[in-house]
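Peer 1: Sharing a structure with you now.
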Amino acid sequence: MKMLVVYEPSNSGSILYMVPTNGTYKTLEVEVPEGKMLERIELSGEDWQPVFIDQPMTLNKKIEKELEDAKAERNEMKENQRIMKLAFAEMMNSMAKGEENEEGEG
């Protein structure tokens, strides 16, 4: 019986994976980019090409992203609040100057 064996040559030949085969299996070593997963091998054409999909976000990554988004939104709200306070203070100063001018005229 033939077996397709994937082993680690640097660690005394430890077997990582094996499956019975009749010799029809092909192998391809693929470099998977960060944040991607290997979906399938595209067999059309002369050279076989790996097809990647985006790796699903882990719960921790999702929570980290939501936290970063919330922090950014909070900072934006704080900046808007600061601008509104400045505008309100400017309006109050303007009104106070207007009252002083009216009292001075009367």
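Peer 1: State the label only: which of (1) 1.09; (2) 0.96; (3) 1.56 corresponds to Rg/Rh (Cα atoms, Kirkwood Rh) computed from the shown model?
Peer 2: Checked against the structure: label (3).
Peer 1: OK, next. Nearest 0.05, what FRET efficiency do residue 84 and residue 58 give at R0 = 25 Å with Cβ-Cβ as r? Kindly include the intermediate steps, with their values, before the conclusion.
Peer 2: Values: r = 39 Å, r/R0 = 1.55.
It comes to 0.05.
Peer 1: Can you give the local net charge around residue 50? Use residues other than it whose beta-carbon is closer than 12 angstrom to its beta-carbon, Lys and Arg +1, Asp and Glu -1.
Peer 2: Combined, the nearby Lys, Arg, Asp and Glu give -3.
Peer 1: Would the range 2-54 count as rounded, prolate or oblate if I go by the C-alpha gyration tensor, calling it rounded below 1.5 in a/c and otherwise prolate when a/b exceeds b/c, oblate otherwise?
Peer 2: Here the range 2-54 falls in the oblate category.
Peer 1: What distance in nm separates the two pseudo spin-label positions at residue 38 and residue 100, each 7 Å out from Cα along the beta-carbon direction?
Peer 2: Here the modelled spin labels are 7.7 nm apart.
Peer 1: Taking residue 97 as the anchor, which lysines have their alpha carbon closer than 24 Å to its alpha carbon, excluding any fewer than eight residues away along the same chain?
Peer 2: Cα-Cα hits under 24 Å: 85.
Peer 1: How high is the relative contact order of the chain, given as a whole-number percent (alpha carbon pairs under 8 Å, six or more residues apart)?
Peer 2: Relative contact order here is 13 percent.
Peer 1: Could you tell me how many degrees, from 0 to 90 and to the nearest 10, lie between the Cα long axis of helix 59-105 and the main elongation axis, the longest principal axis, of the Cα atoms of the chain?
Peer 2: 10
Only the coordinates and a few stated rules stand behind these numbers; no lab work does. Worth saying up front: this structure is predicted, and the values here are computed from it rather than measured. No Cβ is skipped: glycine too gets one built from the backbone with ideal geometry, and neighbour counts run over all protein chains shown.
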